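Presented below is the structure to which this report refers.
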Amino acid sequence: MKSIFENWRKNILEDKSKKVDLSSFKIQDDLNREFWEKGQDKIPKKIKQRLIKIAEDFFKELGLPTSHFVDITVTGSLANYNWSIYSDIDLHIMVNYRDIDHDVDMVKEFFNARKALWNIKHDIMIRGFEVEIYVQDTEEPHVSTGVYSVMNDDWITRPNRQEAEIDMVNVKKKALSLMDQIDRAQKLFDDGKYEDALSSAKYLRKKIKRFRSAGLEDAGEYSVENIAFKALRRNKYLLKLSQLNNDAYDKKMSIQEGEGVKFPGEDPLKPRKSYDPISYLSDKELLALAGKEFPANPSQAPPKIKPGSPEEAEYEKLMAPRSPMTPEEKRKSEQQQAMYVVDAYERGDKEVSMQDYLDAKLKLKKSAKYPYLKTYKGGKEV
């Protein structure tokens, strides 16, 4: 039995239908000279100015001042000797999360959501490399042997070229194992098992994140786990997993046309097919409602408004187009809407998303009209 299991596992790992391209994983003789100035190992002035502008535009879109910037750094393989054609410009905006809000977890969720949207929406290429934005807390540990300060125009951690021994056999084995698990999750989706596919996709995303972090902490950038992670990314399997997660969620939450929607207390033999509140009413209730809105007896209908009467003047006033709101009225209206969103979310209203809640809370915190909404800076309430 043991030999059967071992043969089965060997066949899975050596499946010829899955190929892992590891050819790009090698140590280069020099830094990439399309991005770094030769001799000085600095970022050219034009690229530096462009990177700073991208970071500023990102914060401007969030409605946050750039005064929160502690630094802007470039890190990752492009700031090292293990760069390849697959490298990104990892642009890290260094911020003290507590300067934004004392709730660090909320700030992290907010920045992660917004940087993901930005990276999806924008496709900025500099000298053939895509710019990827990340907002990093200054208190967050960052494991990298190459970090360059764009704002100070100098190295924080200068990389050293050294030949690294990469266990490519183990890298391939781990990458193939994870690829197989992703393919199995995809099979669940293809078979219409959307809830199982979603659970598998979420589990695998967490597993791969922990897998990579453990490798970086233990053996650094050239760890088996980190190289296997990069192999998944370069072979488009991380993209496949992300898309699977989104597709499975969409399918799970969708209701097909004509499919019955079950509501608490309804007759299971007569399921309703709409979220329209009127669909909750019985035939008798519908007739009663129609009777109230459209009286069968004309004598019971509301009297018509007579020309020239006070009622007509009041009606005309009511129906007249409203004048545009003043900036102050608009600001108050936006604040009231934001207060409603925050209150609804904190009461557990499932109709309000985390993204709407975070946007509303930040909007209120910037408002001088509501001093009781506390803002924290440097760990102290101000």
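The values are calculated or read from the model by the stated rules, or taken from the named source; none is laboratory data. A quick note: this is a predicted structure, and the numbers were derived from the prediction, not measured. In this analysis, Cβ positions are derived from the backbone assuming ideal geometry, glycine residues included, and neighbour counts consider all displayed protein chains.
Brief remarks on what is shown
- Just so you know, in segment 14-29 the residues that are more than 17 Å from Ser77 (Cα to Cα) and surrounded by 15 or more Cβ atoms within 10 Å (Cβ to Cβ) include one that is modelled with the highest pLDDT, and it is Val20.
- Segment 219-241, subset of a type in the set (A, V, I, L, M) and under 23 Å from the mean Cα position of the chain (by Cα), residue farthest from Lys26 (Cα to Cα): Leu241
- Some residue of segment 30-39 being part of a helix (DSSP H, G or I), at pLDDT 85 or above and not charged (D, E, K, R): no
- The residues of segment 65-76 that are in contact (Cβ under 8 Å) with a residue 40 or more places away in the chain and not in a strand (DSSP E or B) amount to a single one, Gly76.
- Test: Asp137 is among the charged types (D, E, K, R), at pLDDT 90 or above, surrounded by 15 or more Cβ atoms within 10 Å (Cβ to Cβ) and in contact with a strand residue (DSSP E or B) (Cβ under 8 Å, 6 or more places away or on another chain): yes
- Hey, Ile126 modelled with pLDDT of 90 or more and β-branched (Val, Ile, Thr) or not: yes
- Any chance Lys251 is modelled with pLDDT of 75 or more, under 30 Å from Lys172 (Cα atoms) and among the basic types (Lys, Arg): no
- Among the candidates Leu64, Leu78, residue that is over 15 Å from Glu140 (Cα atoms) and under 21 Å from the mean Cα position of the chain (by Cα): Leu64
- The residue of segment 121-134 that is surrounded by the fewest Cβ atoms within 10 Å (Cβ to Cβ), among those that are in contact (Cβ under 8 Å) with a residue 12 or more places away in the chain and part of a strand (DSSP E or B), is Glu130.
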